[in-house]
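Read the structure below first, then the notes.
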2 protein chains.
Amino acid sequence: MARVVVDVMLKPEILDPQGQAVQRALPRLGFDGIVDVRQGKRFEIELDGPADEAALARAREIADKLLANTVIEQYAVRFDPAEADRVTEPAAG
Amino acid sequence: MARVVVDVMLKPEILDPQGQAVQRALPRLGFDGIVDVRQGKRFEIELDGPADEAALARAREIADKLLANTVIEQYAVRFDPAEADRVTEPAAG
């Protein structure tokens, strides 16, 4: 079993109103000195089979086709750190 | 400047309809052997000051007060890997 994490974030040049809303709420809650907040999505995917490069490639395809809108979003694919000991080459997507 | 990542996921015992919707869509798109999908949120926070334990503690407080609903969600706080070289003790929240 391979556990893969896919992080999907808006591209840096795309306005992030959710992150801005969080950032603006923070001073009211007593948190100062917050320079920037960006909000995105995190997916934890469990795939059949070994935690190898093929599993990462499958997760990348899934991110590309379903999880991210690559016009405005970027994604990164990696093994769940909890699985890191099983990974020989922890390539990031 | 400290860059901290906050991952917010539903607790394992809480039903995740978003993750289930993704999982059910995958076979239709030709992806088989997906055992589980969980969907959560990822926040990237930039804080004034050094990337030290105090910055992590501030991020943890922010997660606790604003980013996560700790009744149904759990969160993990860590430095952005891009900043890892500046961190002496990469404690996870």
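One table, with the values for the structure above:
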{"read-out": "Hits in segment B:34-54 - residues which are of a type in the set (A, V, I, L, M), more than 7 Å from every other protein chain (Cβ to nearest Cβ) and outside any helix (DSSP H, G or I)", "value": "B:ALA51"}
{"read-out": "Evaluation of A:ILE14 against (1) under 20 Å from the mean Cα position of the chain (by Cα); (2) facing chain B (nearest Cβ under 7 Å); (3) of a type outside the set (S, T, N, Q) (one fails), failing number", "value": "(2)"}
{"read-out": "Complete set of residues in segment A:38-68 that are over 15 Å from B:VAL22 (Cα atoms) and of a type in the set (Gly, Ala, Ser)", "value": "A:GLY40, A:GLY49, A:ALA51, A:ALA54, A:ALA55, A:ALA57"}
{"read-out": "Search result, residues across segment B:11-33 that are touching a helix residue (DSSP H, G or I) at 6+ places or on another chain (Cβ under 7 Å), in a helix (DSSP H, G or I) and over 23 Å from A:ARG38 (Cβ atoms)", "value": "B:ALA25, B:LEU26"}
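Just so you know, all these numbers are worked out from the coordinates, no wet-lab data involved. Fair warning: this is a prediction, and the values are worked out from it, not measured in the lab. Cβ: placed from backbone, ideal geometry, glycine included. Neighbour counts: every protein chain shown.
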